[in-house]
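Pasting a structure here, questions to come.
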Amino acid sequence: MAAASTLLVLGFQALAQSAPALPDKDRALARDLFKELIETNTQDSDGSVTAAAQKMRQRLLDAGFPAEDLVLAGPNDRKQNLVARYRGKPGSTLKPILTICHLDVVEARKADWTTDPYQFVEKDSYFYGRGTQDIKEEDAALVETFIRMKREGYVPDRDLIIALTADEEGGASNGVSWLLEHRPDLMRAEFVINPDAGGLELRGGKPSEFDVEATEKLYADFEVTATNPGGHSSQPRPDNAIYELVHALAKLEASPFPMELNAVTRGELEAKAKIAARTDPQRAELIRAVLANPPDPVAVAEFSKDPTDNATLRTTCVATMVNAGHARNALPGTAKANVNCRILPGHSQEEIRQKLIQIFSDPKLTVNYVNDAGEVLGPGSAKKSMEPPPEREDVYGPLRGAAEEMWPGVPVVSSMSTGASDSIITMGAGIPSYGVSGMGVDFDDDRAHGRDERIRTEAFYEGVEFRYLFMKALTK
Ligand SMILES: [Zn+2]
């Protein structure tokens, strides 16, 4: 009995030792940094990103980083970003690798939580607090990794940069935008890694899939307006603002944007077809017909019936709000609709506005771009979002290596997000950007932006170890 249980224990140890584990010293440091970040309120209404940036800067100073490589920069007192540079081999001709990660968090209301959102609470093998999932665990991992590599005397083959930034979740001072505009010298990079997108998916606490966000759709709102002199409804004129708007929207409904695949969505669909081949052969066949050259139009129409699949294939524009008329017994003077578009990589907001004008083909209508603050601007930006390059070996090689070391056998899957993160800004600046995070989150326990936000303690430590392995693998 004793012999058997000893064997069992040895067996478990062997298993536990097979994956690299964060050393005790780094575990303590990572936890300490994480605690400090969670307990520094960085929400837009009454918090300070600067306070968190300064604390992380001090940690790096204490670890021996020179002050000139730790730049605080931003538009005002509360929104200073930290850009930290880890020097690589002197004379390296390789462009730096930039990792961006926001310091701000979504507003948390204490009354909604069972713990204090700005207290770091460890309970039942979880860390609780605002930002434990989105995305202070990664800010902590990045700073910890810099300090650990420095302590080890590691010299990367090029500079590594981390930018810890403001206002990803909202607010008027997006740090990535601000830095690209005002301090492009700090942000020059071969590619960007963004831990705030993609991620390691857990099922029942076990890693099932490593998602890499390799590209994103671009967001845009357009206001469509019909105007009319109006008048008394007892004597209707032949033209009517509501009818004109409705006719335009009916045309939009009947005019889906054309199917268009890029390197990422093609790979994503190929992977889906392979998975479906085992479980749903009919679906596998359908996807293969969509991927055929030329694509089978009947299959494309069938595939497009699913909203998720449809959003992967094409730019989508959909009416989301209407507002028309002012009285029951008066002809409408104006009729307005908001059309929300999610634009495929390689296209601009202005290009899609022109396309909408063409679809409506009614010169009496105006179609104006509306920015995130709700201001009606007229033309949209003509800047095209970047078409994703094929899976680059200098990113995916190290990524697969580090992921395999941590979680053997877990597949790495690239995808296009139909939502948006700060990567859309760096991609807009022409820098290929990849969402990569090893912080495991249970697929059915995503509490980012929600109440009682939390992360598994072991998932955090594994995520920190992954960040270290990945950063080193990228720069060997
Ligand atoms: Zn985030």
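The values are calculated or read from the model by the stated rules, or taken from the named source; none is laboratory data. It should be emphasised that the depicted structure is a prediction, and the values quoted were computed from it without experimental measurement. Neighbour counts are summed over all protein chains in view; Cβ atoms, including those assigned to glycine, are modelled from backbone coordinates with ideal geometry. Accessible surface areas use protein heavy atoms only, side chains included; no ligands, DNA or RNA. Shrake-Rupley method; radii C 1.70, N 1.55, O 1.52, S 1.80 Å.
May I ask you to say which residue of ASP394, ASP452 is modelled with pLDDT of 95 or more, of a type in the set (D, E, K, R) and open to solvent by 40 Å² or more (accessible area, probe 1.4 Å)?
Result: ASP394 is the single residue among ASP394, ASP452 that is modelled with pLDDT of 95 or more, of a type in the set (D, E, K, R) and open to solvent by 40 Å² or more (accessible area, probe 1.4 Å).
Just to be sure, is LEU399 open to solvent by less than 30 Å² (accessible area, probe 1.4 Å), in contact (Cβ under 8 Å) with a residue 60 or more places away in the chain and more than 30 Å from GLU458 (Cα to Cα)?
It is false that LEU399 is open to solvent by less than 30 Å² (accessible area, probe 1.4 Å), in contact (Cβ under 8 Å) with a residue 60 or more places away in the chain and more than 30 Å from GLU458 (Cα to Cα).
Next question, about the same structure. Identify all residues within the stretch 162-210 that are away from the ligand (no atom under 16 Å from the Cβ), assigned to a loop (DSSP other than H, G, I, E, B) and surrounded by fewer than 19 Cβ atoms within 10 Å (Cβ to Cβ); write none if there are none.
If the condition is that a residue be away from the ligand (no atom under 16 Å from the Cβ), assigned to a loop (DSSP other than H, G, I, E, B) and surrounded by fewer than 19 Cβ atoms within 10 Å (Cβ to Cβ), then ALA172, ARG183, ARG188, GLU190, GLY204, GLY205 are the ones that fit.
Yes or no: the stretch 121-128 includes at least one residue that is assigned to a loop (DSSP other than H, G, I, E, B) and open to solvent by less than 20 Å² (accessible area, probe 1.4 Å).
no
Go through the stretch 427-468 and report how many residues are closer than 14 Å to GLY198 by Cα and either without any contact (Cβ under 8 Å) to a residue 40 or more places away in the chain or in a loop (DSSP other than H, G, I, E, B) (or both).
Adding up the residues that qualify gives 8.
Shifting gears a bit: I need the full set of residues from the stretch 441-459 which are more than 18 Å from ASP112 (Cα to Cα) and more than 16 Å from the ligand (Cβ to nearest atom), in order please.
Within the stretch 441-459, ASP442, PHE443, ASP444, ARG456, THR457, GLU458, ALA459 qualify.
Quick check: anything in the stretch 60-69 in contact with a Phe, Trp or Tyr (Cβ under 9 Å, 6 or more places away or on another chain), part of a loop (DSSP other than H, G, I, E, B), surrounded by fewer than 24 Cβ atoms within 10 Å (Cβ to Cβ) and among the small types (Gly, Ala, Ser)?
Within the stretch 60-69 (the criterion being in contact with a Phe, Trp or Tyr (Cβ under 9 Å, 6 or more places away or on another chain), part of a loop (DSSP other than H, G, I, E, B), surrounded by fewer than 24 Cβ atoms within 10 Å (Cβ to Cβ) and among the small types (Gly, Ala, Ser)), the answer is yes, since at least one residue qualifies.
I'd like the full set of residues that are more than 15 Å from the ligand (Cβ to nearest atom), under 17 Å from LYS35 (Cα atoms) and small (Gly, Ala, Ser), limited to the stretch 99-126.
Of everything in the stretch 99-126, just one residue is more than 15 Å from the ligand (Cβ to nearest atom), under 17 Å from LYS35 (Cα atoms) and small (Gly, Ala, Ser), namely SER125.
Let me ask something else. What number of residues within the stretch 314-349 are closer than 28 Å to ARG266 by Cβ and open to solvent by 30 Å² or more (accessible area, probe 1.4 Å)?
4
Go through the residues of the stretch 223-233 one by one and say whether even a single one is within 16 Å of the ligand (Cβ to nearest atom), buried (at least 20 other Cβ atoms within 10 Å of the Cβ) and over 28 Å from LEU72 (Cα atoms).
The answer is no; no qualifying residue exists.
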